[in-house]
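Undergrad: This structure is in structure tokens; I'll ask about it shortly.
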Amino acid sequence: MMRLLEVVQALVVTFWVGALWSTGLLVAPLLFLVLEDRSLAGTVAGRIFEATAYAGLACGALILAVSVLKLRSAAFRHKASWLVVALLVLVLVGQFGLQPVMASLREQAYPLPVMSSDLGSSFAAWHAAAEVNYLLQCLLGAILVVARRTELAGAAGG
């Protein structure tokens, strides 16, 4: 049973971090390269980031639940568990802190694209904060992958 939990946890970490990287580092930039309408590209990218955020919340909760099932109170003695908590906090800040402000600015600017409106500089600042938040998620995701591998090797005696 423990082996199955370990496999599930590894697959969920892989899915989450892979989704973060592919969405932010591949899909979103390609949308802006392929679509001439930057506002449409931003709308589509926003929906993909939203789906990635909700998937991340589910993945993080599942990873922590499996850790607690396996390790009980010792779960939070492991660096990987705290990395997951940090990732979840960043996802929550992005999805429920930064994104609503950006959506509000887009709505206020309508019918103009937000970057063509008087709100463009404010939107750019919030967007920059969201980019930093997302890049931190990608970085913590990479650290999580390595930390899990290191902790597993240590637990196996190698």
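Undergrad: I'd like the full set of residues that are surrounded by 16 or more Cβ atoms within 10 Å (Cβ to Cβ) and β-branched (Val, Ile, Thr), limited to segment 86-100.
TA: Val91, Val93
Undergrad: Somewhere in segment 125-142, is a residue over 21 Å from Ala28 (Cβ atoms) and surrounded by fewer than 16 Cβ atoms within 10 Å (Cβ to Cβ)? Even if it seems obvious, please write down each step before you answer.
TA: First, the residues of segment 125-142 that are over 21 Å from Ala28 (Cβ atoms): none.
Scanning segment 125-142, I find no residue that is over 21 Å from Ala28 (Cβ atoms) and surrounded by fewer than 16 Cβ atoms within 10 Å (Cβ to Cβ), so the answer is no.
Undergrad: Shifting gears a bit: Can you tell me which of Leu119, Leu71, Leu83 is more than 22 Å from Ile48 (Cβ to Cβ) and modelled with pLDDT under 95?
TA: That would be Leu71, the only listed residue that is more than 22 Å from Ile48 (Cβ to Cβ) and modelled with pLDDT under 95.
Undergrad: Here is a check on your reading of the model: is Leu83 buried (at least 17 other Cβ atoms within 10 Å of the Cβ), touching a Gly at 6+ places or on another chain (Cβ under 9 Å) and within 23 Å of Trp126 (Cβ to Cβ)?
TA: Values: buried (at least 17 other Cβ atoms within 10 Å of the Cβ): yes; touching a Gly at 6+ places or on another chain (Cβ under 9 Å): yes; within 23 Å of Trp126 (Cβ to Cβ): no.
No; evaluated as a whole, the condition is false for this residue.
Undergrad: Being buried (at least 19 other Cβ atoms within 10 Å of the Cβ), small (Gly, Ala, Ser) and closer than 28 Å to Leu4 by Cβ is the filter here, so list the residues in segment 19-74 that pass it.
TA: Ala19, Ala53, Gly56, Gly60, Ser67 - these are the residues of segment 19-74 that are buried (at least 19 other Cβ atoms within 10 Å of the Cβ), small (Gly, Ala, Ser) and closer than 28 Å to Leu4 by Cβ.
Undergrad: Residues of segment 15-49 being in contact (Cβ under 8 Å) with a residue 60 or more places away in the chain and of a type in the set (S, T, N, Q), which ones?
TA: Ser39
The values are calculated or read from the model by the stated rules, or taken from the named source; none is laboratory data. A quick note: this is a predicted structure, and the numbers were derived from the prediction, not measured. Using ideal geometry, Cβ is built from the backbone for each residue, glycine included, and neighbour counts are taken over all protein chains shown.
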